[in-house]
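Take a look at the structure set out below.
The values are calculated or read from the model by the stated rules, or taken from the named source; none is laboratory data. Note that the coordinates shown come from a computational prediction; the quantities given were computed from them, not determined experimentally. FYI the Cβ positions are ideal-geometry reconstructions off the backbone, even for glycines, and counts take in every protein chain you see. Ligands, DNA and RNA are excluded from the accessible area calculation, which covers all protein heavy atoms including side chains. Shrake-Rupley method; radii C 1.70, N 1.55, O 1.52, S 1.80 Å.
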Amino acid sequence: MSDDSFIREVNEEIRQERARLIWERFGPIAIVAAILVVLGTAAFVGYEYWAERQASHSGDEFLQALTLANSGKPDDALAALKTLEQSGYGAYPVLARMRAATVLIDKGDTDGAVKEFDAVAADSAIPSVMRDIARLRAAYILVDHGSYADVSKRVEDLTADTNPLRSSAREALGLSAWKDGKAADALKLFEQISSDDGAPRNARERATMMSELIRGSGAAS
């Protein structure tokens, strides 16, 4: 046997011995890791399927509640929304609470609607954007059924230049100021809206109309 052949055989035996030792040491771990990967993948796929089914079921329940509300069955709609609030999946419990407050408005229960919107706005477990929308909805109700202080307490913070809801917040506050005899304050708010390039076109048009109305009345002089 040549030296080269001998060396190759020795190297092969060494590699086999190393492989055996590595397998003895790490083989069981590798098997367990592979099993965990398979189980983890199966669990993830199963969870995605379950979540999709839950979301779809909650979506169907929400649509049924809307149908009841739009069909002149507010009490049935409120009952369906209450069930969805308690057992719905994902964002649907919050949407159910918001829609229930709107149904209360349709029933003429403005105090109950404001109370529900305020409860959503105060719930720290709800995403901030939904809480801000709830504050805004309560404020619009209070333009007609509350005082300027009531509206201001809910949306003053939302009128900041960096807030995406600033136009609606300024409009609610402006309408309340105009109703409360604060014409100069109302004019300032409506002018902020009409000069804001980031405001929706409809909001700018309404603000321009209100600004002209206030100036024409001479109340802001």
For segment 113-192: accessible area per residue (Å², 1.4 Å): 47
If I compute solvent accessible area with a 1.4 Å probe over the protein chains, what percent of it on segment 98-221 is carbon and sulfur? 49
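Add +1 for every Lys or Arg and -1 for every Asp or Glu among the other residues with Cβ under 15 Å from the Cβ of P164, and state the total.
Working: positive: R131, R135, R166, R170; negative: D132, D157, D161, E171, D196, D197.
Cβ neighbours under 15 Å give a net charge of -2.
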Please report how many Lys pairs in segment 73-221 have alpha carbons closer than 15 angstrom, counting only residues at least 8 apart along the chain or sitting on separate chains. 5
Cα-based shape type of segment 147-196, given that a ≥ b ≥ c are square roots of the gyration tensor eigenvalues and the cut on a/c is 1.5: oblate
